[in-house]
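Q: This is the structure I want to talk about, given as structure tokens.
The values are calculated or read from the model by the stated rules, or taken from the named source; none is laboratory data. Because the structure is a prediction, the values reported are computed rather than measured. Neighbour counts are summed over all protein chains in view; Cβ atoms, including those assigned to glycine, are modelled from backbone coordinates with ideal geometry.
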Amino acid sequence: MAVGGMTVKLRAGSPRDAAACGTICFEAFRAISSEHNFPWDLPSAETGIRFLGELLSNPGFYSLVAQVDGKIAGSIFIDERGAIAGIGPITVDPSVQNQGIGGQLMRAALDRVGERRLAGVRLVQSAYHNRSLCLYTKLGFDSREPLSKIDGQPLGIKLPGYDVRLATAADLTCCNALCRRIHGHDRGGELRDAVTHGTARVVEHLGKITAYATDIAFFGHAVAESNQGLQALIGAAPAFAAGGFLVPTRNGELFRWCLRAGLRLVHQMTLMTIGLYNEPAGAYLPSVLY
């Protein structure tokens with residue numbers, strides 16, 4: 001297809017694309033973050049290469065790569081592990097940005113979601129990035145929730161009566177049921193991967209599981225019957241991977257608790273959706289995908 005005077009080819013990604021796509025991912029996020037004086041989302045190109053290499057090798061993710069004159073110019077990823085698709089990251093080489101490549105990648109990703117007849121699709125965008133907000137809105141996304149990216153040193157806090165332990169495969173049924181009560185759908189494929197990788201944790205309160213997290217991290221999500229469950233998970237987290245985790249800004253009780261515990265606000269983000277969306281019926285932390 002022709003975009004901005006260039007011939008752009010879209011194709012499925014593969015693990016061999018990790019070096020080119022990961023480097024572009026780092027450079028694109030570094031450029032937009034630096035433009036607005038915010039910390040980089042990725043600390044180095046090597047981190048981007050390793051991260052996208054994992055996504056390109058994960059059968060639960062579908063990827064598209066954009067090529068201009070045979071050279072990789074950008075990529076997009078779709079998390080297809082559940083009834084709701086999560087889009088991200090989407091990045092374009094800074095040297096060819098603002099010429100329509102990102103829009104073509106997004107349209108192709110939405111076509112893929114439609115072909116698979118998924119119930120909905122979601123993403124999270126940086127609130128300071130006006131161009132992406134406008135693009136996603138024009139493509140049909142609705143803004144649902146302002147999010148605060150929170151970071152800091154691990155807290156080492158234990159809440160009495162809220163016991164945190166590693167999740168096991170035996171917890172999947174209970175955790176998925178909890179997620180369905182809060183969101184109307186589960187994220188079972190994502191949770192199963194987190195259990196396999198050893199990052200998932202559950203909270204037991206009064207003899208039952210009342211909260212779980214795939215990780216307290218930028219790419220982790222959590223659900224809980226109450227804010228106390230989320231506080232227990234945050235307090236017990238050994239680290240906050242990828243520069244922090246996301247808290248719904250309107251959850252003032254939890255946001256204040258994080259700030260009073262010494263954590264800091266990095267920047268604001270926006271949860272955006274197309275298709276199925278239920279107002280959450282409990283406490284939760286989204287991931288950067290949704």
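Q: Being closer than 27 Å to residue 55 by Cα, touching a Ser or Thr at 6+ places or on another chain (Cβ under 7 Å) and modelled with pLDDT of 95 or more narrows it down to one of 194, 239, so name that one.
A: Only one candidate qualifies: 194.
Q: Going through segment 34-48 one residue at a time, which ones are more than 17 Å from the chain's Cα centre (by Cα) and either surrounded by 18 or more Cβ atoms within 10 Å (Cβ to Cβ) or assigned to a helix (DSSP H, G or I) (or both)?
A: 34, 35, 45, 46 - these are the residues of segment 34-48 that are more than 17 Å from the chain's Cα centre (by Cα) and either surrounded by 18 or more Cβ atoms within 10 Å (Cβ to Cβ) or assigned to a helix (DSSP H, G or I) (or both).
Q: Now for a different question. Report, by residue number, each residue of segment 252-281 that is more than 19 Å from the chain's Cα centre (by Cα) and not in a helix (DSSP H, G or I).
A: 261, 262, 263, 264, 281
Q: Continuing with this model, one more query. Take residue 81 and decide whether it is closer than 26 Å to residue 62 by Cα and free of Cβ contacts under 8 Å to residues at least 40 places away in the same chain.
A: Working: closer than 26 Å to residue 62 by Cα: yes; free of Cβ contacts under 8 Å to residues at least 40 places away in the same chain: no.
So residue 81 fails the test.
Q: For segment 6-21, check the following and say yes or no: at least one residue is in contact with a helix residue (DSSP H, G or I) (Cβ under 6 Å, 6 or more places away or on another chain), under 17 Å from residue 94 (Cα atoms) and modelled with pLDDT of 95 or more.
A: yes
Q: With (1) part of a strand (DSSP E or B); (2) farther than 15 Å from residue 97 by Cβ; (3) aliphatic (A, V, I, L, M) as the list, and residue 19 as the residue in question, which single condition is left unmet?
A: The single condition residue 19 does not satisfy is (1).
Q: Counting just the residues of segment 169-197 that are of a type in the set (D, E, K, R) and not in a helix (DSSP H, G or I), which one comes out nearest to residue 86 (Cα to Cα)? Quick ask: steps written out before the conclusion?
A: Our first condition is that a residue be of a type in the set (D, E, K, R); within segment 169-197, this holds for 171, 180-181, 186-187, 190, 192-193.
If we keep only those that are not in a helix (DSSP H, G or I) too, we end up with 186-187.
Numbers: 186: 13, 187: 11 Å.
Ranking the candidates gives 187 first.
Q: Let me ask something else about it. Whether any residue in segment 88-105 is hydroxyl-bearing (Ser, Thr, Tyr), in contact (Cβ under 8 Å) with a residue 12 or more places away in the chain and either over 22 Å from residue 31 (Cβ atoms) or touching a Gly at 6+ places or on another chain (Cβ under 8 Å) (or both) is what I want to check. Spell out how you get there, then give the answer.
A: We begin by selecting, within segment 88-105, every residue hydroxyl-bearing (Ser, Thr, Tyr); these are 91, 95.
If we keep only those that are in contact (Cβ under 8 Å) with a residue 12 or more places away in the chain too, we end up with 91.
The next check asks that each one be either over 22 Å from residue 31 (Cβ atoms) or touching a Gly at 6+ places or on another chain (Cβ under 8 Å) (or both); those that pass are 91.
Yes: one or more hits.
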